[in-house]
Every structure is written in C-alpha cells, then in structure tokens.
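The values are calculated or read from the model by the stated rules, or taken from the named source; none is laboratory data. All figures in this text were calculated on a predicted structure; none of them were measured in a lab. All Cβ positions, glycine included, derive from the backbone under ideal geometry; neighbour counts span all protein chains shown. The accessibility values were calculated without ligands, DNA or RNA, using every heavy atom of the protein model including side chains. Shrake-Rupley method; radii C 1.70, N 1.55, O 1.52, S 1.80 Å.
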Amino acid sequence: MKRTLQNIGIALTLLLSGNAFGQSCEMTAIEEDLYSPSLIMTCDFNGDGSEDIVFLDSVSFNVFWKRNTGSDNFAAAVPLIGGAEMKFLKAADMNGDGYDEIIIATSSTIYYIVYTGPTTIDFAELYTVPVLHNIDAIAIGDFNVDGSEGMVFAYSRPSTLRAYADVIVSDDGDLSLENIFESVVGEISDLAVGDITGNRRPDIAMGGYNNFWFRNTGIGAFTEAKVISSGSGDFGHIAIHDYDGDDDAELIVLDYEGVLKAYGIDLLDEGWRYDPITLRTGLPTNPQTWEHTSLNGSDVLLLSSDDEIIGLSHIGRGYTEISYCSGISDLNGLALFHREDGLIEFVLSRESEGTIEKINDAETNSVDDIVVNPWEVYPNPTRDLVYIVAENNAPIENVQVINTFGQISGIKTMGNNQYSIQDLASGLYQLVITDTEGNVFTKSVLKID
C-alpha cells in the first residue's frame, strides 16, 4: 500500500499536531524480550489494507513481521529471514501488486521478501556488489512511473574513494539494472528521491563528500551526474523538498555538524546555486532516523537522536523545530504507524529495554481543518501549453497570471484544462486559480523560450 507525501497530507486525520506529544511520552510495549531491536518500519506486507510492523533484531540477525490482525492489534512476531548482519530495511511495491515487499540489505547484498499467500513467503537475492565494496545508501522510487516501484542504491570502496550508484527499475514486475554513476569522488552518505524539475518524474540526489543529482528522462533512464556541491562539509543526510514554495525543489542537507542547509536549483540551465542557505543549527549531528514525511498536512523532516524525537515542520520559508518526545533511553529505530481510524502514531525500538513500543496520545486534529492545494500544473517549465488539473477534478472558474513585478494579466484558454502562455516573456510566473466554490490557490510556472 503505497503512500505519497501528498495523499498522506490529504487523506488522514493526524495524531501529531504541534506539541501534541510534548516532552512527556506514554509508551506501550507491543513486543518484548528481544536481544537488540534496531531498524523498524511499517508497511502493508500481506496486502490486507492494514499497516504491519517489520523490525530487525540486530543480535539474532532476524527480520520479524508483526501482522496487523485488525483494529490495530498485532499477532506475535514471525521471523522472516536471518543469519547475516543487516544494514538496511525498506519497503517497496516491486511487482505492482498494490502492496509492499520487504527490502533488506547487508553491507554487500540486497534481498527482497515477497508475500504470496498465507503459507508462502518468497525470498530472493536482488544484487550483490563487488568484493571490497560497501552498500552506503538505498532509496525507493517509481522511476519509470508505471505503478511499480524500484530502488536506487549507492556503494563505495573507501580505500580508493570510488563511488557507484545503480538503479533497479521494475517494469510490470520484471526487474532490470542500470548503472547511473561511477567516479572517484569519495564515500556516499545518503540518497534521496523526488521530483526536482517539476516534470512529475522522480529524480535522484546523492550526498557525500560530493553532492550530485541525476535527472529522470522519463523512461527510467537518467542524465549524467550534475554536481550540486563539493566538499566534506556537506557529508550527511539529504532530502528533496520545495521548502520555499517556488515550485522548484531544493536539496536539503543535514550535515554532520548538525547544520541544516538548502541548495536551490536554477531550472533555466538545470544548474544549482552552490552557495547554500543555512536554515537551522544545533541539530543532532548523526541522527538515528532521518525521514521526509507529511504530518498535519505539512512537510516534516523527522529525525531522532538516541533519546529524542524531533520534527522540523515546514512553516513559510523555513522549518520550525518541534520536540515530540525526549528522555527516551536507547532509542534505536523510529517509524510512523498509520492506524485504521486515520490517526498516526510513533512506533520505535529500544535496545536497552529489548522492546518494540508505541507512543500513545489522545489529541487529534480533523482533516477538515487542513487546507491543501489540490492543483497540479505541468509541464513545468514549459514553452507554451500548461495543464491545470486537480485530483478531485474541481471545475476552474478563473485563472490569472502574476509576473515577478506583481502585474496581473489573463491567460489564454485552450479547452480541456489547457492554457497557453506562449505570448509571455520567459521567466517565473504565479498562476492564481479560482475554483467554482470560490477557493483561491496559487501555483508557480516557469516560461522558457
């Protein structure tokens, strides 16, 4: 069961609001007497429409599945696979069947686990990196936009400072491998997947001693690497996010000194502005968890140290720091659990206690109070026609164009939600969209020659 940032924000009633958790946390153990629980995630592994919990016990080297039996109760943990030290735990719909497969990886090999029925679970090896190389990062994305997800993974040989990045693309359940990067540049710290250029295709960013991005050409293939920045000062975690609301994604970097910064993109020449904007300082220098998600209808960078859960909530042109919970001993892994009643809870692993726990809170917000911009504008950038559409097919009453000087003009209607901006000079414009209910929204579009 796949979720995007947009439909999480639109569809759910949310438990995490402002300081709802505050500094005091009431926790309930849902699995006990483990050796050393570490990585944890939630996914719909058996395709019944309810989120399950999957976690790793890093001493016994077992991956466990706790099935959601209904009403957010869980069956006893079932061991799925073990026997080797594992570094990564992910979920992806690799075969397009509508629910998630489990992706696990050691330092050298990637595997996936497929649920095929009540008594049959398939286990397969996807890829093994060359000897003396280490897998550094894995990210998930539907790179050829066919409804089946694939993955990008990066691996390096630190002794020679050589780094690689490969993409596994799933096309109707058939997996194929494409090498997109090989260079002597140093180690890799993180990967991020997102629509950088506004063409509705997932691009890839790679962080490390050098930061790169790879533009998706639309057929599951990627352009050559384009440098974002160079220098070990940016070595850390990364995310792709339009934090300043200009419809151009920025590369958000949390470096290993606890500094959050943003690199902007110049879509006219597909280049990056190399001087970053510092957004926040004093954050955890090496967080246990780093996830770009959506809470309360807002983009949130969710991170955790070994004793605190922190949210960087996107407000305006920056981030507001929220401490959801502190004073947790030996917090190893963290995930969001989407309950059947539409609420969201934290589930976490605690090494010293040998437990998997969830954080309880009674405060909720209604989705009726959340206003989300439903409109999409594409292609963006464009030379002439743009399509303006909404998921709910809301009728458009009026569209106006505002240039960077604040001057307002009309737009040529071509029918079938098509509009022409061919007569406008090249540059960035705001489209002011009014629907038949009187709601007003704005979207940016870049006109190019």
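Brief remarks on what is shown
- Theoretical ellipticity at 222 nm over the chain - DSSP helices of four or more residues, -39500 (n - 2.57) apiece, nearest 500: -500 deg cm²/dmol
- Heavy-atom accessible surface of the range 167-262: percent carbon and sulfur, 1.4 Å: 41 percent
- Filter on 226/447; 90/358; 90/447 - keep pairs with C-alpha separation over 28 Å: 90/447
- Cα gyration tensor category, rounded, prolate or oblate, for the range 276-348 with a/c compared to 1.5: oblate
- Of the accessible area of the range 40-122, computed with a 1.4 Å probe over protein heavy atoms only, carbon and sulfur atoms account for 46 percent.
- Cα centroid of the range 408-424 to Cα centroid of the range 296-362, whole Å: 44 Å
- Taking 1.002 mPa s as the viscosity and 20 °C as the temperature, the Stokes-Einstein diffusion coefficient of the chain based on its alpha-carbon Kirkwood radius rounds to 93 µm²/s.
- Under the criterion of Cα pairs below 8 Å and six or more residues apart, the relative contact order for the range 116-177 equals 24 percent.
- Amide H contacts for residue 150 (H built 1.01 Å from N in the peptide plane; partners 5 or more residues away or on another chain; cut-off under 5 Å): 141, 142, 143, 170.
- Computed 3J(HN,Hα) for the range 151-166, one whole-Hz value per residue from the Karplus formula 6.51 cos²θ - 1.76 cosθ + 1.60 where θ = phi - 60°, is 8, 10, 9, 10, 9, 9, 10, x, 5, 10, 6, 9, 10, 9, 9, 10, glycine and proline marked x.
- Anisotropy class of the range 131-272 from Cα gyration tensor, a/c 1.5 cut: oblate
- Count Lys and Arg as plus one, Asp and Glu as minus one, and take only other residues whose Cβ is under 14 Å from that of residue 397; the net charge is then -2.
- Lone cysteines, the chain (no partner Cβ under 4.7 Å): 43
- Listed residue (155, 303, 37) projecting farthest to the positive dipole end of the chain, Cβ model: 155
- Mean projected area (nm²) of the alpha-carbon convex hull when the range 72-123 is viewed from all directions: 4.6 nm²
- Pairwise label distance in nanometres, residue 182 with residue 200, each label 7 Å out on the Cα-Cβ vector: 3.5 nm
- Residue-normalised accessible area of the chain, expressed per residue, 1.4 Å probe, Å²: 43 Å²
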